[in-house]
1. Neighbouring Cβ atoms within 10 Å as the yardstick, rank 154, 146, 70 fewest first.
2. Taking θ = phi - 60°, what integer Hz values does the Karplus form 6.51 cos²θ - 1.76 cosθ + 1.60 yield along region 100-113, in sequence order, with x for Gly and Pro?
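A short reminder: the numbers here are calculations on the coordinates, not readings from a lab. Because the structure is predicted, anything quoted here is derived from the model rather than measured. All Cβ positions, glycine included, derive from the backbone under ideal geometry; neighbour counts span all protein chains shown.
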Amino acid sequence: MQTAYTLPNAPTIRRSALYGSLPARLVAFLVDTTLIIFSYTFVLYGMSSSPEQLYTWKNVSQQSFNLTEMLVVIKMIFLNPYLPIIHWAYYTILESSEKQATVGKFTLGLKVTDLRGRRITFLQANMRYLFKLASAALLMLGFFLMLTSRRSQMLHDYLARALVVSE
């Protein structure tokens, strides 16, 4: 009868991580977007000094719009500097943190790593965030690149040398 003998200095074989799937990353994106818009609403209404920013969607939908009022609403939503700042800070700080994930990714068991499985730096998180704009600018094709890549990387992951893995 033979018994299995293990060497005391035998290397441990780490199971390779599974990469984040497109549906999981999409759901994480939706969770993150909901949280960002929710926090943006608090900032927008809490720091408003002009009455235009205090329009509620109920008031907006009940009034007949003229072009001037429509421009005020568009300016309020898209030209306010707080949304890009909150969006940038949310992604870069959380993805380079100890958890290596935004709230949406963490909820689904995903995390962002470098190519060796380590935590990404703040600079890599910034590069990844800025390259997401390139992924979106190319008719969203940069996001669908993961369907054909070996490690399920999107364009911004390739350029920032990062991976999204499942724990």
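1. Ordered from fewest to most neighbouring Cβ atoms within 10 Å, 154, 146, 70 come out as 70, 146, 154.
2. Result, ordered by residue: 6, 7, 6, 4, x, 5, 4, 4, 8, x, 9, 8, 9, 10 Hz.
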